[in-house]
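The values are calculated or read from the model by the stated rules, or taken from the named source; none is laboratory data. For clarity, every value in this text was computed on a predicted model and none was experimentally measured. Positions of Cβ are generated from backbone atoms using ideal geometry, with glycine treated the same way; all protein chains shown enter the neighbour counts.
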């Protein structure tokens, strides 16, 4: 998960990709996570975590039945897509091995795929229209954009990925992140090119993530600076 990478000082290209949509400012109610653990585990999130969830579940099972949409600026071999507003858009309905699924997420953005494992112990549903990156209040953000139902046997893996800084034995948690973008740094080589689109895609965001957690009724707030 890209938030985990920020807090563990492991920022990479997947983290950078998350912030391309943002200019300077404060953006609240992002990467919202709701988790409830009973005999099964139910996780719902806002849009920002769609790709991270697919990558996560791809590590849990050998193959998945996959259906939905993905987009990419370049053509993806072996898939037929239509070009729309500068992007190739693909409508997919097929079975994919876990490594194929992970590879698609790394090649595309956004990746809006429903995924069901062969034994149906993993069931992910993702909505197919992305929200605009505005400054919505928490009450207006769709925190059920992604809905994942998991067999409880996967709890250790899910906890390690999404609840990495929380106690292991919990029943219910809600996590809300705020992104504060203080500055945007443009690499000198891109400034010389003068290509606006390359500048937008390559510019680094400098800022801070505020992570507010309510776990079993207790509130915890943490902050972390980042460059991505």
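The set of residues in segment 26-39 that are loosely packed, with under 14 Cβ neighbours inside 10 Å and in contact with a helix residue (DSSP H, G or I) (Cβ under 7 Å, 6 or more places away or on another chain) contains only 39. Every listed requirement among (1) outside any strand (DSSP E or B); (2) touching a strand residue (DSSP E or B) at 6+ places or on another chain (Cβ under 8 Å); (3) crowded, with 16+ Cβ neighbours inside 10 Å is met by residue 88 save one, (1). Of the helices (runs of 4 or more DSSP H) entirely within segment 1-60, those holding at least 2 residues that are more than 12 Å from the chain's Cα centre (by Cα) and either closer than 14 Å to residue 181 by Cβ or modelled with pLDDT of 95 or more (or both) occupy 2-7, 50-58.
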